[in-house]
Amino acid sequence: MSILVIYAGGTIGMQPGPAGLAPVPGALTERLQQLAPDADLIEYTPLLDSSAMGPAHWNRIATDIIGRGYEYDGFLVLHGTDTLAWTASALSMLLRGLNKPVLLTGAMRPWFEPGSDAPGNVKAALALLGRPEGFAEVGVVMANQLWRGCRVRKLDCDDDDAFAAPNELPLGRFAAGGWEFALARFRLPAKGVSPDVLPVNDAARVLHVQLAPGFSVEWLADALRNAAPDALLLQSFGSGNVPAHPDLLSVLADLAVRIPVVNLSICPRGTARPGLYAAGVLADGAMLDGGQMTPEAALTKLYAVLREGHGVEARARAFVEDWCGEHGEADSTTGRAVV
């Protein structure tokens, strides 16, 4: 297998500096050569802290992979863990049709620290790329587990086992130097679909709002009315419940006919079911149902669909389509995840 490693930054290659841990150019070159002497390496300049990653960087990584899609059999992206789930979701959208394994990994502790999880994560990812067993999509490898890129979230800011897909089990586990896979859950290679050469709209104003008890409904309604975003991701209560406040419902209904407005539950597990309760239901049910999507997948897909077509209907159709498994593996009769 010919492998390209893209080192974007993050804790994995950081070292102590005057102001604390910071990425250091060249810090991983020798370590990576020891683990994968035949792999090629691209190191970004500048190397980025995870908190600095955004839509423009998703585009850059996707472009670098697509431009080398015929040169390599697999790709490994080394990335900071704090925003890794957003980048993994975005790459899942942008690289559908590549039909090659693209893995992201990072570390909770820098490689130079004794007992760091970095070498183990990289070894596991390289072992998968060396023998992909039919895995040909975007995945995240952390703590000896493989997760679908558009389903995973960072759920712990301390433990090495920090990532999980709240509604699904991992696609594989690495133990004793080898991988065991849930092969039946691998997505089949996309036919007739080319890797997405159109970048996400990194200039779009996508607003993510999470409701909480006691928030000012009037303030939010006024802000949305006077400074409407290009798309809105609204995380609401329970199964998708919004306070039955006439001002808020009015502005949401107005926005939903002009821009994509997605209603997603705050709950990390389960499926949003807007309309189950009478409270907060729009007259025409115009908000898009986020269902079982993660907030990371919903947000990155909104950036993607803002360049799909020219009207809100085309963008809505694109959002509800399943591109890369972002809507989950739900059983059609129960709505529960298939694991």
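Among LEU264, LEU188, LEU146, whose Cα projects farthest towards the positive end of the dipole of the chain, with charges put on the beta-carbon of Lys, Arg (+1) and Asp, Glu (-1)?
LEU188
Please label the shape of the range 1-120 as rounded, prolate or oblate, based on the square roots a ≥ b ≥ c of the eigenvalues of the alpha-carbon gyration tensor (a/c under 1.5 means rounded; beyond that, a/b larger than b/c means prolate, else oblate). Kindly include the intermediate steps, with their values, before the conclusion.
Numbers: a/c = 1.97, a/b = 1.36, b/c = 1.45.
Cα axes put the range 1-120 in the oblate bin.
Of the DSSP beta bridges with both residues in the chain, give the percent that are antiparallel, rounding to the nearest 5.
So the antiparallel bridges amount to about 40 percent of the total.
Relative to the longest principal axis of the C-alpha atoms of the chain, give the angle of the C-alpha long axis of helix 84-94, reported between 0 and 90° and rounded to the nearest 10°.
80
Would you mind telling me the share, in percent, of accessible area of the chain contributed by carbon and sulfur at probe 1.4 angstrom?
Of the solvent-accessible surface of the chain, carbon and sulfur hold 53 percent.
Please give every one of the lysines within straight-line cross-link reach of LYS191, meaning a C-alpha to C-alpha distance under 28 Å, and leave out same-chain neighbours fewer than 8 residues apart.
Cα-Cα hits under 28 Å: LYS100, LYS301.
If every alpha-carbon in the range 204-257 counts as one equal scatterer, what log10 I(q)/I(0) does Debye give at q = 0.16, 0.19, 0.29 1/Å?
Result of the Debye calculation: -0.44, -0.63, -1.48.
From the mean inverse distance of alpha carbon pairs (Kirkwood) and the Cα radius of gyration, derive Rg over Rh for the chain. Please report the intermediate quantities before stating the final value.
Working: Rg = 20.4 Å, Rh = 20.8 Å.
Rounded to two decimals, Rg/Rh equals 0.98.
Find which of PHE112, PRO213, GLY69 sits farthest along the positive direction of the dipole of the chain, computed with +1 on the beta-carbon of Lys and Arg, -1 on that of Asp and Glu, about the Cα centre.
GLY69
Using a 1.4 Å probe, what is the accessible area per residue for the range 27-154, in Å²? List each step's numbers first, then the result.
On the way: 4460 Å² over 128 residues.
Counting only protein heavy atoms, the per-residue value for the range 27-154 is 35 Å².
Quick one: P(r) of the range 96-189 from all Cα-Cα pairs, 5 Å bins, percents rounded to integers, in order of increasing distance.
3, 14, 26, 26, 18, 10, 3, 1
Scan around GLY139 for amide H atoms under 5 Å from its own, H built in the peptide plane at 1.01 Å from N, and keep only partners 5 or more places away or cross-chain.
Those qualifying (amide H under 5 Å, at least 5 residues apart or on another chain) are VAL102, LEU103, LEU104, GLY149.
The values are calculated or read from the model by the stated rules, or taken from the named source; none is laboratory data. Note that the structure is predicted; figures quoted are calculated from it, not measured. All Cβ positions, glycine included, derive from the backbone under ideal geometry; neighbour counts span all protein chains shown. Side chains are part of the model used for accessible areas, which takes the heavy atoms of the whole protein and leaves out ligands, DNA and RNA. Shrake-Rupley method; radii C 1.70, N 1.55, O 1.52, S 1.80 Å.
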